[in-house]
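Novice: So that we are looking at the same thing, I have put the structure below in structure tokens.
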Amino acid sequence: MTDKLRTPIVLESFNLHAAERLLCERALQDGGTLIAAAHLLGITRHSLKRRIIKLRLAWPPPQPELHDAEVRPHSS
């Protein structure tokens, strides 16, 4: 993880709600974890968690479903 984002963020309007959503989504994507994303945004993990709920962001990201052939029983 780096402190710089991959690409610049371009806002299409002055809509603060949309900007906050975009910044949170990108920070979560680039950071990979709540703590890293909060660090990128300069806020606490708890503040980011509140924003995830407020903005109804999908976190953690949905995992791809495993097919029956990929599921292997755990050997004891």
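Novice: Which whole-Hz ³J(HN,Hα) couplings does segment 11-20 yield from phi under the Karplus relation 6.51 cos²θ - 1.76 cosθ + 1.60, θ = phi - 60°, glycine and proline marked x?
Specialist: Per-residue couplings from phi come out as 8, 8, 7, 9, 6, 5, 4, 5, 5, 4 Hz.
Novice: About its Cα centre, what dipole magnitude does segment 1-59 give when the only charges are +1 on Lys and Arg Cβ and -1 on Asp and Glu Cβ, stated in debye to the nearest 20?
Specialist: Computed charge dipole of segment 1-59: roughly 260 debye.
Novice: In whole Hz and in residue order, list the ³J(HN,Hα) couplings for segment 29-46 that follow from phi through the Karplus curve 6.51 cos²θ - 1.76 cosθ + 1.60, θ = phi - 60°; x for Gly and Pro.
Specialist: Listing the rounded values in order: 5, 6, x, x, 10, 4, 5, 5, 5, 4, 4, 4, 7, x, 10, 7, 4, 5 Hz.
Novice: Okay, next question. Probe radius 1.4 Å, ligands and nucleic acids left out: which of Glu12, Glu65, Glu20, Glu25 has the largest accessible area, and how do the rest follow?
Specialist: From most accessible down to least: Glu12, Glu65, Glu25, Glu20.
Novice: Taking R0 as 25 Å, what's the FRET efficiency between Leu16 and Ala36 from their Cβ-Cβ distance, rounded to 0.05?
Specialist: 0.55
The values are calculated or read from the model by the stated rules, or taken from the named source; none is laboratory data. Given the structure is predicted, the values throughout are model-derived calculations rather than measurements. No Cβ is skipped: glycine too gets one built from the backbone with ideal geometry, and neighbour counts run over all protein chains shown. Surface accessibility is based on the protein's heavy atoms, side chains included, excluding ligands, DNA and RNA. Shrake-Rupley method; radii C 1.70, N 1.55, O 1.52, S 1.80 Å.
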